[in-house]
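Some notes on the structure that comes next.
The values are calculated or read from the model by the stated rules, or taken from the named source; none is laboratory data. Model, not experiment: these values are computed from the prediction. Please note: Cβ atoms are built from the backbone with ideal geometry, for glycine as well, and neighbour counts cover all protein chains shown. Surface areas here come from the heavy atoms of the whole protein model, side chains and all, with no ligands, DNA or RNA. Shrake-Rupley method; radii C 1.70, N 1.55, O 1.52, S 1.80 Å.
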Amino acid sequence: MAWGCGLFLALTGAALLVLIVQVLRWLRADGDLTLLWAEWRGKKPENELRGKVVWVTGASSGIGEELAYQLSKIGALLAISARREDELERVKKKCLQISSLDEKDILVLRLDLTDRSSHEAATNSVLKHFGKIDVLVNNGGRSQRSLFVDTNLDVYSAIIELNYLGTISLTKHVLNHMIQRKKGKIVTVSSVMGIMGAPLASGYCASKHALQGFFNSLRTELTDYPEISIINICPGPVQSKIIQNVFTENLAKSIENSGDQSHKMPTDRCVRLTLVSTANDLKEAWISDHPYLAVCYLWQYAPTWAWWLMNRMGKRRIQNFKSGIDADASYSRKKK
C-alpha cells in the first residue's frame, strides 16, 4: 500500500514538473509551441529548401528582403519581386555577396500586385527562367494606421485590392503550375491581425482575415494533391519598414513618425521561423512575442477573455499612436 502511494506521488510530481516546464517555455516563447517543436525536432530549411525555386513577393524591404538573404544562404534559387526594381537589384547584389549563388540563380522581376492583368505574364517569366516554381511566398502588402471614423473608404478599397485580391490573383496562376506538377508550397505572410482584431488597423485586419479564410478554404479544395502545401504565417510586431509605408486616413497621406521599432521581434528571427514553418509544412504558424502570442491563444480557446484584453490593449494602442510613438511600444517585450 505504501509502495503504491509512493508511486502515485512520484508520478504526480513528474507530471507537475512537466507542466511547469511547459508553462515556462510558453512564457518565453516567440512562436506557437507546434512551431517551436518543429524548430527543435523537425525538418531543417537547409535540407528542405536547398536547390528549390522560391518566388518571394514584397522582396525589396522588411521580411521579404530578409527572406531573400536567408534563402540565398541556404542555396535556394530565387525570383524576387516588388514594385521598386532598383531596390530589388540592391537585394540581389547582397544575396550574391553572402551566398554561393550565381547571377542566373536570382531573377529580379518587377511586379505590381494591384495590376492583376500582369500576373500571368510574370508567372510565365519565372517559369521560363527556372522551369518550375517550388515555393511561392506571398509577402507583398501594406499595413494601416488610422481610425475607421477618420478614414476614407477608398483606402479600404486599396487595402483589399493589394493585400487580398492581388495575392489570390498571383496565387491562382502559380497554383495552376503546381497542380500540373502535383506538388509545391504556397506560403502566405498573413498576420496575427488575421486572427484577432485591433484598433488603427481595421482595413488591414479585414484583408488578413480574408486571406486566412481564403487559404484555409483553398487547402480543403486540394486534398487530391497531398504534396501541395498551404502555409499561413502570422507574425506579430516585427522590426521592418512596414510602418513607414502604411495606409493612413487618405491615399495621399503618409505617416509622419514611425516611432522606435527596437522593441519588436528582429526580422531575422521572424524569417527563420517562417522558413522552419515552410520546411515542415505547418498549416499555420504564430510568430510573435507576448502579449500578442498570448492573445492568439486566448482568441483561439477563450475568445471572451481575448475581447476583454484587446479592449484594454487597444485603448493604450490608440493613445500611443496619438502621442506620436509606435502603437505597440508600451507592452511589447524588448529584446536584450
Exercise for the section: Kindly check whether there is at least one residue in region 109-123 that is open to solvent by 60 Å² or more (accessible area, probe 1.4 Å) and in contact with a His (Cβ under 8 Å, 6 or more places away or on another chain). Expected result: yes
Fill in the blank from the handout: Picked from region 251-272 (must be among the polar types (S, T, N, Q) and either open to solvent by 60 Å² or more (accessible area, probe 1.4 Å) or touching an Asp or Glu at 6+ places or on another chain (Cβ under 8 Å) (or both)), the residue modelled with the highest pLDDT is Thr267
Problem - Residues that are touching an Asp or Glu at 6+ places or on another chain (Cβ under 6 Å) and open to solvent by less than 50 Å² (accessible area, probe 1.4 Å), drawn from region 75-97 - result: Leu77, Val91
Practice task
Test Gly51 against the stated conditions and say whether it is in contact with a Lys or Arg (Cβ under 8 Å, 6 or more places away or on another chain), modelled with pLDDT of 95 or more and over 30 Å from Ser143 (Cβ atoms).
Solution key: no
Problem - Hey, Asn152 without any contact (Cβ under 8 Å) to a residue 40 or more places away in the chain and over 20 Å from Pro235 (Cα atoms) or not - result: no
Practice task
Quick one: in region 197-241, of everything that is free of Cβ contacts under 8 Å to residues at least 12 places away in the same chain and small (Gly, Ala, Ser), which residue is surrounded by the most Cβ atoms within 10 Å (Cβ to Cβ)?
Solution key: Gly213
Problem - Selection status of Glu161, more than 30 Å from Gln319 (Cβ to Cβ) and not polar (S, T, N, Q) - result: yes
Handout entry: Filter result for Ser100 (outside any helix (DSSP H, G or I), closer than 26 Å to Pro266 by Cα and open to solvent by 40 Å² or more (accessible area, probe 1.4 Å))
Key = yes
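Residues checked against (1) under 14 Å from Leu200 (Cα atoms); (2) touching a helix residue (DSSP H, G or I) at 6+ places or on another chain (Cβ under 8 Å); (3) of a type in the set (Val, Ile, Thr):
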| site | (1), (2), (3) |
| --- | --- |
| Thr278 | no, yes, yes |
| Asp281 | no, no, no |
| Ser288 | no, yes, no |
| Tyr297 | no, no, no |
| Arg317 | yes, no, no |
Completion exercise
Of the residues in region 23-39 that are modelled with pLDDT of 90 or more and in a loop (DSSP other than H, G, I, E, B), the one that is surrounded by the fewest Cβ atoms within 10 Å (Cβ to Cβ) is Asp30
